[in-house]
C-alpha cells in the first residue's frame, strides 16, 4: 500500500502539492507513482524562473524501467528546484513527500482554484490504477 | 492470470511486485531492484527461475539427436556432468531459442530453455525426438533457483546433504552434479559465481526461506535483467530471435563448425552467411550522457547508416546507461543513439561490461564529443 498524506493536494497525474508558509507551493510525485516507476536513476528539473501552465510537462523522472514526464499541477513560476536529486535521485523513492520533492512554484492564482484532489479522492485513483 | 511457479505465493507474501513475463506471473522486484542488483555483485541473491523449461532427453539416440539439433556440439561434453550454452536454430539459421545443455551420463541429457519459448521448443524437438526413439520428459515437477554472487556457493552448500557438499563445492564452472531428483550446477546469468539449483517443486519454498534466513537476498527479474546486461549476456526475444542468426548476435563462439561433417540444423544457412560476409555487428554501448538507452532506439553510425538498440538499461555498477546494439558492418568506435528525441553520443565497447564484481569498461568519460 502506498502512503497518501492527508494534508497534501494531488493531481490525477500523480503529483502532490504542499502549500508553504511564504505562499509558494512545493511539488513532488506520490508514493504510488514512485512505486510504479521503480528505482529512479535520473531526474531532469526545469530552470528557475520558467513559467508553467497547469498540466505542462515540467520535469522527467527516469527509472531503471522507463522515463516519465511530470506535469505541473498548477500554473505558476518555478522559484526553486531540488538540487540534491542530481546526485541522489533515490531520494524520490525513499522520501517522496519529504527530501524527494522536485520543485517549488509561485502559483499564478489561488491554490483553491487549481481543481486539485484531496487525499481521499486521490486514494481512489491510486488504488484503481 | 498467467502461469505460476511453485514459489508464487511466497513472492506475493513477501510484497514482490509481480509482472507478466512470457506468460508467467513473476516477481520484478521485492523492494529496490538496484539494491537487489548490488546484493548479487557484493554478496548473494536468489532468483526464482522455475518459469524456465527443463527438458530431459534420454535413450540411445539422444546424443546424436542433439548433435543434429544444436549449433554447439554436445560431443564437446566428453565427460558426464558438463554443460554447454547453445542456440537452437531453424533451417534458415534463425534462432528458435538459446539454452543450456547438461550431459549427465551417456545418452542422458537435460536442456534448460526460455519460459517464453518452451512450448515452441517442445513442438520443435518433440517430433524429432520421437522419430529418433529418444525419450523426452518435460520436468514440470521441478523448481529452479539461481543463487548468485561471490558468497552464493557457500550458502547453497549449507542446504545440500552432507554427502554431496564437497563434490558440489568442487564443481568447476559449467559443471553439474545430480543426486536423486536434485541437481546443482555452477551456472548463472549474472556474471557472478554461483549455482543454479533444480529441485522438487515441493522443496522449493523451504530452500528459498533457508537461503533468506542465511542472508541471501530475494531478487526479481528487474535485477536479473540489469545483471545479465552488465555481464554481456543476450536475452532471447530482445537480442536475437528467429529473424537473426548467431553470427550477428555476438554468438559466433557458440557455433561449432568443426567437425566439418557434423550436419546440424541451420548449418548450411550459417555457412552461406559467412561466405557472403559483411555481417551486421553486435556490440556493447556506453552512453556518454545522463539518459537511458532502451530497446528499439535508433543508432546512427558515421555516414548515416542506422542500426538499433536491442537491450538497454541503467547500469547500477557503472552508474550510466549501457546497451546492446546491432549495427551495420563497420568499425566505428563512436555512434549516436536517439534517446527521447535527441541524438546522444555513445561509445562502442567489448563485452562484458562487468564481471565478478569488477567494472571492465569505464562509465561516462566526460571528454567525448561527437563532431
Among the residues of the stretch B:326-359, write down those that are touching a helix residue (DSSP H, G or I) at 6+ places or on another chain (Cβ under 6 Å) and not in a strand (DSSP E or B). B:353, B:357
Answer yes or no as to whether residue A:20 is more than 17 Å from residue A:117 (Cβ to Cβ) and buried (at least 22 other Cβ atoms within 10 Å of the Cβ). no
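Taking the criterion of being in a strand (DSSP E or B) and within 22 Å of residue B:265 (Cβ to Cβ), would at least one residue in the stretch B:168-180 satisfy it? Write out each step before concluding.
Going residue by residue through the stretch B:168-180, those that are in a strand (DSSP E or B) are B:175-179.
Applying the additional criterion that residues be within 22 Å of residue B:265 (Cβ to Cβ) yields none.
No, the conditions are met nowhere in the stretch B:168-180.
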Tell me yes or no: at least one residue of the stretch A:52-60 is under 27 Å from residue B:292 (Cα atoms), surrounded by fewer than 14 Cβ atoms within 10 Å (Cβ to Cβ), more than 14 Å from the chain's Cα centre (by Cα) and away from every other protein chain (no Cβ under 14 Å). no
Give A:34, A:99 a once-over and let me know the one that is more than 13 Å from chain B (Cβ to nearest Cβ), touching a helix residue (DSSP H, G or I) at 6+ places or on another chain (Cβ under 6 Å) and in contact (Cβ under 8 Å) with a residue 12 or more places away in the chain. A:99
Going through B:293, B:233 one at a time, which residue ends up being more than 14 Å from every other protein chain (Cβ to nearest Cβ), at pLDDT 95 or above and crowded, with 17+ Cβ neighbours inside 10 Å? B:233
Within the stretch B:1-112, which strands (runs of 3 or more DSSP E) (wholly inside it) include 3 or more residues that are in contact with a strand residue (DSSP E or B) (Cβ under 9 Å, 6 or more places away or on another chain) and within 14 Å of chain A (Cβ to nearest Cβ)? B:17-21, B:24-29
For the stretch B:143-156, does any single residue satisfy the condition of being assigned to a strand (DSSP E or B) and over 15 Å from the mean Cα position of the chain (by Cα)? yes
Can you find a residue in the stretch B:299-307 that is surrounded by fewer than 18 Cβ atoms within 10 Å (Cβ to Cβ) and within 14 Å of chain A (Cβ to nearest Cβ)? no
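Residue by residue through the stretch A:1-17, note down the ones that are under 30 Å from residue B:226 (Cα atoms) and either away from chain B (no Cβ under 14 Å) or crowded, with 21+ Cβ neighbours inside 10 Å (or both). Break it down stepwise before answering.
Of the residues in the stretch A:1-17, the ones under 30 Å from residue B:226 (Cα atoms) are A:1-3, A:13-15.
If the condition is that a residue be under 30 Å from residue B:226 (Cα atoms) and either away from chain B (no Cβ under 14 Å) or crowded, with 21+ Cβ neighbours inside 10 Å (or both), then A:3, A:13, A:14, A:15 are the ones that fit.
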Would you pick out the residues in the stretch A:37-49 that are crowded, with 16+ Cβ neighbours inside 10 Å and more than 14 Å from chain B (Cβ to nearest Cβ)? A:46
Which one of the conditions (1) crowded, with 18+ Cβ neighbours inside 10 Å; (2) over 30 Å from residue B:358 (Cα atoms) does residue B:20 fail to meet, given that it meets all the rest? (1)
Taking the stretch B:49-81 and keeping residues closer than 26 Å to residue B:207 by Cα and buried (at least 21 other Cβ atoms within 10 Å of the Cβ) leaves B:49, B:50, B:51, B:52, B:53, B:54, B:55
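The values are calculated or read from the model by the stated rules, or taken from the named source; none is laboratory data. Fair warning: this is a prediction, and the values are worked out from it, not measured in the lab. When we count neighbours, we look across all protein chains shown, and the Cβ atoms used for this are built from the backbone with ideal geometry, even at glycine.
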